[in-house]
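Novice: Here's a structure for you.
The values are calculated or read from the model by the stated rules, or taken from the named source; none is laboratory data. All values reported here derive from a predicted model rather than from experimental measurement. Glycine gets a Cβ as well: all are built from the backbone with ideal geometry, and neighbour counts include every protein chain shown.
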Amino acid sequence: MSIMLKVAAFAAFAAMPFSAIAATVTHVFNSTALAPLYGSQGTEWTTADGFLTISSTGGDIFIGANALGVARPGQAVQLYQQLNINETLRFSFAAPVTDVTFGRSAGTFPVNLTSYDETGDAVYSLSRSFPNSIPVNPAVNGPDNLPILSFLLQGVSGTGAGIASITYTTADIPPPAPVPLPAAGFLLLGGMGALYGMRRKKAASEEN
């Protein structure tokens with residue numbers, strides 16, 4: 001009986017789909033996606049896939065031709081993509097992410113950057129004051145690439161650059177595919193039939 005159970009287990013394993021194995025997927029939200037969204041988005045805005053939410057202080061989130069920033073009330077249109085003193089942008093993800101970087105349009109970018117894990121603890125920070133800028137594509141997760149759930153950009157002084165792209169990596173786990181039961185059944189029956197044939201052959205040889 002134990003041999004039959006082993007055959008059945010092997011048949012089920014052979015028919016098992018392997019599509020549910022997790023894989024890392026890199027996502028890029030860039031100026032191509034931003035361009036059709038020109039205009040004010042209010043103080044909180046979520047991307048179409050629902051995974052990234054951006055919130056602001058100091059004014060509405062404003063998307064220009066190729067970058068995103070904060071629109072202070074009464075601010076000139078050409079300055080909407082800046083991040084000034086008392087203006088912040090918080091980027092929150094629906095699940096922890098790694099390899100987070102953001103690109104910016106040309107210009108100075110003196111800001112405070114702070115990254116937070118899923119418990120809300122700060123795991124990395126970076127700061128530059130005018131006329132210095134943080135790197136064009138900063139490693140938001142820090143040198144250890146710890147998973148983060150959000151990061152905050154806080155204006156230090158007037159800037160001339162907006163957020164032009166965001167790149168991040170997720171652990172993508174696709175839904176399991178349905179188990180092909182007919183195939184598993186055929187394998188199980190075939191194994192049981194082979195086992196039955198072996199037992200009959202053994203019994204016949206013992207009789208002789």
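Novice: Quick one: would you say Leu153 is at pLDDT 90 or above and crowded, with 17+ Cβ neighbours inside 10 Å?
Specialist: Working: at pLDDT 90 or above: yes; crowded, with 17+ Cβ neighbours inside 10 Å: yes.
Here the answer is yes, as Leu153 does meet what is asked.
To keep it simple, each residue is scored yes or no on (1) out of contact with any Leu (no Cβ under 9 Å at 6 or more places or on another chain); (2) within 28 Å of Leu37 (Cβ to Cβ); (3) among the hydroxyl-bearing types (Ser, Thr, Tyr).
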{"site": "Val97", "(1), (2), (3)": "no, yes, no"}
{"site": "Arg104", "(1), (2), (3)": "yes, yes, no"}
{"site": "Phe109", "(1), (2), (3)": "no, yes, no"}
{"site": "Asp117", "(1), (2), (3)": "no, no, no"}
{"site": "Val123", "(1), (2), (3)": "no, no, no"}
{"site": "Phe130", "(1), (2), (3)": "yes, no, no"}
{"site": "Ile134", "(1), (2), (3)": "no, yes, no"}
{"site": "Val140", "(1), (2), (3)": "no, yes, no"}
{"site": "Phe151", "(1), (2), (3)": "no, yes, no"}
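Novice: Looking at Gly103, Gly120 in this structure, which one is of a type outside the set (Val, Ile, Thr) and either part of a loop (DSSP other than H, G, I, E, B) or not assigned by TED's automatic domain parsing to the domain that holds Ala33 (or both)? Spell out how you get there, then give the answer.
Specialist: Details: Gly103 fails: either part of a loop (DSSP other than H, G, I, E, B) or not assigned by TED's automatic domain parsing to the domain that holds Ala33 (or both).
Testing whether each residue is of a type outside the set (Val, Ile, Thr) and either part of a loop (DSSP other than H, G, I, E, B) or not assigned by TED's automatic domain parsing to the domain that holds Ala33 (or both) leaves just Gly120.
Novice: So in segment 4-53, with the set limited to residues that are part of a helix (DSSP H, G or I) and at pLDDT 50 or above, which one is nearest to the chain's Cα centre (by Cα)?
Specialist: Step one: of segment 4-53, the residues part of a helix (DSSP H, G or I) are 4-14, 31-37.
Now drop any that are not at pLDDT 50 or above, which leaves 31-37.
Details: Ser31: 18, Thr32: 19, Ala33: 17, Leu34: 18, Ala35: 22, Pro36: 23, Leu37: 22 Å.
By that ranking, first place goes to Ala33.
Novice: Go through the residues of segment 165-173 one by one and say whether even a single one is among the charged types (D, E, K, R) and modelled with pLDDT under 90.
Specialist: Of segment 165-173, the ones among the charged types (D, E, K, R) are 172.
Of the ones still in play, those that are also modelled with pLDDT under 90 are 172.
Yes; the residues of segment 165-173 include at least one that is among the charged types (D, E, K, R) and modelled with pLDDT under 90.
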